[in-house]
Amino acid sequence: MNTFQTLSEFHKFCALPNPEHPLISLIDYGQVNYQTIESQITWMQSFYSIGLKRDIQAKVRYGQQEFDFDEGLLSFIAPRQVLQFEMLPTEKKPSGWLLLIHPDFLWNTPLAKTIKNYEFFGYAINEALFLSDKEERTITDILLNIQHEYRSNIDKFSQNIIIAQIELLLNYAERYYQRQFLTRKINNHEILVRLEHLLDSYFNGEEAINKGIPSVQFIADSLHVSSSYLSSLLKVLTGLSTQQHIHEKLIEIAKEKLSTTQLSIGEIAYTLGFEHSQSFSKLFKTKTNLSPMAFRASFN
């Protein structure tokens, strides 16, 4: 596996001149020529990269997901994430831009902390951001502004101006992701259906008894998406977080058992994954304003 600690190392691997700035660089993707004879390339980098690419004839594995770069899209990679490229034979010439940002460039700026709040740096690659032509132009303009600034005479304002442009780019990306969540209704609907089936199966089977209440990470892994992506998607579609969905399903099944069975409160709590019935009763009252006993009594 190739490991790139510096932007210079990555430039060299791409057969490009040394970066004009050691900590930030905008690469014309059409000029990239990976220095390897292998068709499959794996690497880990110590810097952020934001890619706006077209006609990249490759399969990319990122985490457990694959994606074909056959459309214009924006992708985000954080430091120490492993990527695997399988280059495919093609006569098409790739195009686009790749912005590299070393974490050292962000030191002593608010973005050093807040960049971790942009959840798309943790998204699986198949959730990369598809852009309209207008959106592509907006992002490209910002990228070129960043390049223009670090190519100019560096002064005490340069870093702040570049940081502001990076933040602008990230905020536009966040807007576009929200749009993508809302417009990709078929995929989104499928995840909601799978979530519903997963929770039904978990709480109505033996898993809750054996494993306890499912964690957000367990649910995300079972649906093959990242936990941050799932929570963002559910918030946009339903207004509820993943944790809230788990609790809503738990309470729904608890109500059914309280109203249709003779199981004791302790037995119901046990079947739903609680170690202590007091914890179940507390959550139930928080969600319904009634104790389990009071809810059951209302049906008699």
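The values are calculated or read from the model by the stated rules, or taken from the named source; none is laboratory data. Note that this is a predicted model, so its numbers are computed, not measured. With ideal geometry, Cβ positions are generated from the backbone for all residues, glycine too; neighbour counts draw on all protein chains shown. Protein only, heavy atoms only, side chains kept; ligands, DNA and RNA dropped before computing areas. Shrake-Rupley method; radii C 1.70, N 1.55, O 1.52, S 1.80 Å.
Once the Cα atoms of helix 277-288 and of the chain are each reduced to a long axis, what angle between those two axes, in degrees from 0 to 90 to the nearest 10, is obtained?
Long axis of 277-288 versus the principal axis of the chain: about 80 degrees.
Once Rg and Dmax of the Cα atoms in Å is worked out from the coordinates, which option in [x] 33.4, 109; [y] 24.3, 80; [z] 21.2, 79 does it equal?
Given [x] 33.4, 109; [y] 24.3, 80; [z] 21.2, 79, the structure-derived one carries the label [y].
Relative contact order for the chain: what percent, with Cα pairs under 8 Å and sequence separation of 6 or more?
Rounded, it is 14 percent for the chain.
Mind checking which lysines have their C-alpha under 18 Å from Lys211, skipping anything on the same chain fewer than 8 residues away?
Lys249
Longest span of the chain, sites excluded, free of GluC sites (Glu not before Pro) in DSSP loop with at most 13 other C-beta atoms within 10 Å?
The longest uninterrupted stretch comes out as 92-205.
When the chain is fully extended, how far beyond the present Cα-Cα distance does Glu86 get from Ser158, taking 0.36 nm per residue of separation? Don't jump to the answer; show the numbers that get you there.
Working: separation 72, 0.36 × 72 = 25.92 nm, distance 3.77 nm.
In short, 22.2 nm is gained.
Roll a 1.4 Å probe over the protein chains and send me the accessible area per residue for the chain in Å².
The answer is 52 Å² per residue.
Suppose R0 equals 45 Å. What FRET efficiency, 1/(1 + (r/R0)^6) with r the Cβ-Cβ distance, do Glu207 and Met1 give to the nearest 0.05?
About 0.80, to the nearest 0.05.
Could you state the angle between the C-alpha long axis of helix 227-238 and the longest principal axis of the C-alpha atoms of the chain, as a value from 0 to 90 degrees rounded to the nearest 10?
Tilt of helix 227-238: around 70 degrees.
Against the longest alpha carbon principal axis of the chain, how many degrees, from 0 to 90 and to the nearest 10, is the axis of helix 158-183 turned?
With both axes taken from Cα atoms, the answer is about 50 degrees.
Students often get this wrong, so check it: of Lys113/Lys134; Lys235/Lys255; Lys235/Lys287; Lys255/Lys285, which have C-alpha atoms separated by over 22 Å? Could the numbers behind the result be given before it?
Numbers: Lys113/Lys134 30 Å; Lys235/Lys255 24 Å; Lys235/Lys287 18 Å; Lys255/Lys285 12 Å.
From Lys113/Lys134; Lys235/Lys255; Lys235/Lys287; Lys255/Lys285, over 22 Å: Lys113/Lys134; Lys235/Lys255.
Using only the Cα atoms, work out Rg/Rh for region 202-264, with Rh taken as the Kirkwood radius, to two decimals. Display every interim value, and only then the final one.
On the way: Rg = 13.3 Å, Rh = 12.8 Å.
Result: Rg/Rh = 1.04.
Loop only per DSSP, at most 11 neighbouring Cβ atoms within 10 Å: give me the chymotrypsin sites (Phe, Trp or Tyr not before Pro) in region 130-225, ordered by residue number.
Phe157
Normalised by the number of residues in region 191-300, what is the relative contact order in percent for Cα pairs under 8 Å and 6+ residues apart?
27
Determine the share of the chain's accessible area contributed by carbon and sulfur atoms, expressed in whole percent, with a 1.4 angstrom probe.
Result for the chain: 50 percent of the exposed heavy-atom area is carbon or sulfur.
With runs of 4+ DSSP H residues as the only contributors, calculate the mean residue ellipticity of the chain at 222 nm using -39,500 (n - 2.57) per run, divided by the residue total and rounded to the nearest 500.
Details: 12 runs with 145 residues, N = 300.
Roughly -15000 deg cm²/dmol at 222 nm, from the helical runs in the chain.
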